[in-house]
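Some notes on the structure that comes next.
The values are calculated or read from the model by the stated rules, or taken from the named source; none is laboratory data. Bear in mind the structure is a predicted one, so any value in this text is a computation, not a measurement. Note that we place each Cβ from the backbone using ideal geometry, even for glycine, and neighbour counts take in every protein chain shown.
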Amino acid sequence: MSSDQSQMPRRQQGSMTLLFGLVLLIGAGILAFGSARTGVVEQRIATNEQQSIAAQQAAEAGLDYARAWLGVQVWQPDDAPPSAPDMPGLNGQHFQIALQFSAENKAICVQSRATMDADPGLESIVRECFTQTGLFDIDPETRAPPPLVLAGCLEAPLASGELWLLDEEATAILSGGPADADCLPQGALAVGVWGDSNDDRLLSPDEKGASADLQRARLGACPGAHCVWNQVFAMPLDEAKHRAETAGHVFEHSLPCGASTAPGIYLVRMSGTIDATRLSGFCADSDGLDDRTIGAPNQPILLIVPSESGCPRFAADIRIHGIVYYESSTACASQGWGGARVQGAVLWESGAGAPESGSVFIETDRGRGSALNTAFQVIDGAIRVPGTWRDWNHP
């Protein structure tokens, strides 16, 4: 056998070894590349997850901002929502916050959308509903008081007047005394039912219906200090007075006509007769509003007459949208309502004399619970409605 022939198996073995090593080297390279690629993918997934979490946190911050805003501001369905500030994200990124408000089921529902500046495709949406606390209790069954509420009894109305209810079974008078005809006589007061067919909170002649019985009810909280106030309102009387003072809604010589800025509370430190000559300002004639009108159909006012002001008379030549509250427990006992037309209610912490001729008391629906706080523009907080939180994430 020649030497060349004996060398061939060795050369072939060396080639196979080299080839095998090359294959191993390529395989190692592939594994290394795959591992690096997997690491990059995993890093991207981790980053996306972090950004998604940051987006949701930004959207949640938008809800917190909305809740804080609703705790001090009045929002109506036709109002634009507030503008929330941008929220910081990862690595210097920022999220733009867009808020949408809607009135649903006696609550205000807020949708907060957080969108990343650098990547508009990365966003998070959360939604929650809130109830505004304030002047009235937020219980859904809370309604505005009936047209007449007294701590004591009412003198028999001798002059003609009217009292209109939204339902024939509705309570017309609440009293801390006996709920009977001796304490609460109907006298010459005509009682009827009306239907607010166009929801404008204004009684028009074509909305007047049939006559009805005078339904009386007992005010269980009386006797007691400020028992009428405490029965009707959730906010303490001193707090309501303080809010009026802080807002500059204290009036000693004249009352402004028309609607008010928030809060819808006036502290009336006036005496004697309050007639059209003691109203100030110019209010263009429109439905339910003119220079002789206090408040407006959609913006009623609570007029607080403190004890030191006695029992001023609101005369027949003016009309009021809202509630008049007399704090004195004695001043109105022998003096009745002065004849003004009230689209709302009158409250006395005492008994009251007979209403004068032409007096008109009209029950008015301004919603229930927190809707009353919105109507009177008196807000002191906002609470979450359980079970309303939702989220929609779009990483």
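A few comments on the model shown:
- Inside the range 369-395, residues that are of a type in the set (S, T, N, Q) and either assigned to a strand (DSSP E or B) or touching a His at 6+ places or on another chain (Cβ under 9 Å) (or both) make up a count of 1.
- Filtered residues of the range 361-394 (kept if over 28 Å from R113 (Cα atoms), surrounded by 15 or more Cβ atoms within 10 Å (Cβ to Cβ) and not β-branched (V, I, T)): F361, E363, R366, G367, R368, G369, L372, A375, F376
- Scanning the range 118-127 for residues that are surrounded by fewer than 21 Cβ atoms within 10 Å (Cβ to Cβ) and in a strand (DSSP E or B) yields I125, R127.
- Out of T131, T142, sole residue that is closer than 18 Å to L347 by Cβ and polar (S, T, N, Q): T142
- Qualifying residues in the range 54-99 (those that are within 17 Å of T115 (Cα to Cα) and among the charged types (D, E, K, R)) - the one surrounded by the most Cβ atoms within 10 Å (Cβ to Cβ): E60
- Enumeration of residues in the range 314-350 that are assigned to a strand (DSSP E or B), more than 18 Å from Q299 (Cα to Cα) and in contact with a Leu (Cβ under 9 Å, 6 or more places away or on another chain): F314, Y326, G336, L347, W348
- Selected residue (only one of T142, T115 is assigned to a strand (DSSP E or B) and β-branched (V, I, T)): T115
- Filtered residues of the range 351-368 (kept if in contact with a Phe, Trp or Tyr (Cβ under 7 Å, 6 or more places away or on another chain) and not in a strand (DSSP E or B)): P355, E356, S359, E363
- Exclusive hit being at pLDDT 95 or above and either small (G, A, S) or not assigned by the TED database to the domain that holds G387 (or both), set A98, A84, A36, A46: A98
- Sole residue being crowded, with 24+ Cβ neighbours inside 10 Å and free of Cβ contacts under 8 Å to residues at least 60 places away in the same chain, chosen from I301, I318, I323: I318
- For the range 100-114, the set of residues classified as surrounded by fewer than 21 Cβ atoms within 10 Å (Cβ to Cβ) and either without any contact (Cβ under 8 Å) to a residue 12 or more places away in the chain or of a type outside the set (A, V, I, L, M) (or both) consists of Q100, F101, S102, E104, N105, K106, C109, Q111, listed by residue number.
- Hits in the range 257-286 - residues which are in a strand (DSSP E or B) and surrounded by fewer than 17 Cβ atoms within 10 Å (Cβ to Cβ): T273, S280, S286
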